[in-house]
1. 222 nm [θ] for the chain, helices only, -39500 (n - 2.57) per DSSP H run of 4+, per residue, to 500?
2. When the Cα atoms of the stretch 90-217 are enclosed in a convex hull and the volume is divided per residue, what value in Å³ results?
3. Semi-axes of the equivalent ellipsoid of the stretch 157-200: what are they in whole Å, largest first, if each equals the square root of 5 times a C-alpha gyration tensor eigenvalue?
4. Mind checking the angle between helix 152-172 and the chain's longest principal axis? C-alpha axes, 0 to 90 degrees, to the nearest 10.
5. If each Cα of the stretch 151-228 is one equal point scatterer, what is log10 of I(q)/I(0) from the Debye formula at q = 0.11, 0.14, 0.23 Å⁻¹?
6. With N denoting the number of residues in the stretch 1-119, provide Rg(C-alpha) divided by 2.2 N^0.38 Å, to two decimal places.
7. Alpha carbon centre of the stretch 41-63 versus the stretch 190-205: separation in Å?
8. Subtracting the Cα-Cα distance from 0.36 nm times the residue separation, let me have the gained length for residue 44 to residue 66 in nm, one decimal.
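Throughout, read-outs are computed from the coordinates displayed, never taken from laboratory work. Not measured: the values here are computed from a predicted model. Here Cβ is always computed from backbone atoms with ideal geometry, including for glycine, and neighbour counts include all displayed protein chains.
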Ligand code: NAP
């Protein structure tokens, strides 16, 4: 389905990103496994992909840093000669109620979750405009659509991703580039493992399908949007949330 497509996935050392890397590699893509701090985990993702006959490399870059992102795309171009798909998945949380939220908690989440998407989209666009083809898939969140107490920073960044997705879909569409977002609901990863059982039960009560999502649910949605089957879809937010955000 994605044979020989060159795919950059940010934050692919763990969770949704690592599963997406494995699934897209399974569909034939050559995957750049970006990470920021979890070197061993990122290398283990690459080892698993290559052990299954796939192609993948690790690449360390902090998506919040424009220069590091520019160098990453330049290096990928040197090694692979093109970028067919960008999956902006890297993200962090620094939850707090607004009255207690520090400037650092606010700006670090905006810089990584929204600034990171901006930096990567800018570099990918440069390449994809020349290619006259490309797919950008941004990982937003259900809480960017419906809000969540204690996550003003995170919700603002994830809602910002939706706006950026639609703006870029309009800006880049005439050159054969699609830009879409996936908005996951409550997915079992390290990001959500830290939440208390009480919070998890509260979230579950709002999910019509009455279960948490798994990383594969998101990875397969990304694979679809990256595939030829999604060629006429752009500017959309695909909610993969068990019905939570409808
Ligand atoms: P996770 O398990 O915490 O993994 C986050 C990934 O992002 C890691 O690979 C991490 O890499 C990377 N990352 C963090 N800061 C980075 C930076 N500055 N530069 C590059 N990479 C960075 O999170 P997850 O649950 O898989 O979430 C993945 C995405 O889905 C995030 O955007 C998240 O907001 C979104 N999402 C998740 C859920 C959920 O329920 N889990 C729901 C909605 C949306 P290192 O460890 O190497 O730094």
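1. Values: 10 runs with 113 residues, N = 246.
One gets -14000 deg cm²/dmol as the mean residue ellipticity at 222 nm.
2. Values: hull volume 15.0 nm³, N = 128.
For the stretch 90-217, the hull spanned by Cα atoms encloses 117 Å³ per residue.
3. For the stretch 157-200, the semi-axes come out at 33, 10, 6 Å.
4. 30 degrees
5. Result of the Debye calculation: -0.41, -0.63, -1.17.
6. Values: Rg = 15.0 Å, N = 119, 2.2 N^0.38 = 13.5 Å.
Ratio of Rg to 2.2 N^0.38 Å for the stretch 1-119: 1.11.
7. Value for the Cα centre distance between the two parts: 29 Å.
8. Working: separation 22, 0.36 × 22 = 7.92 nm, distance 2.63 nm.
Answer, rounded to one decimal: 5.3 nm.
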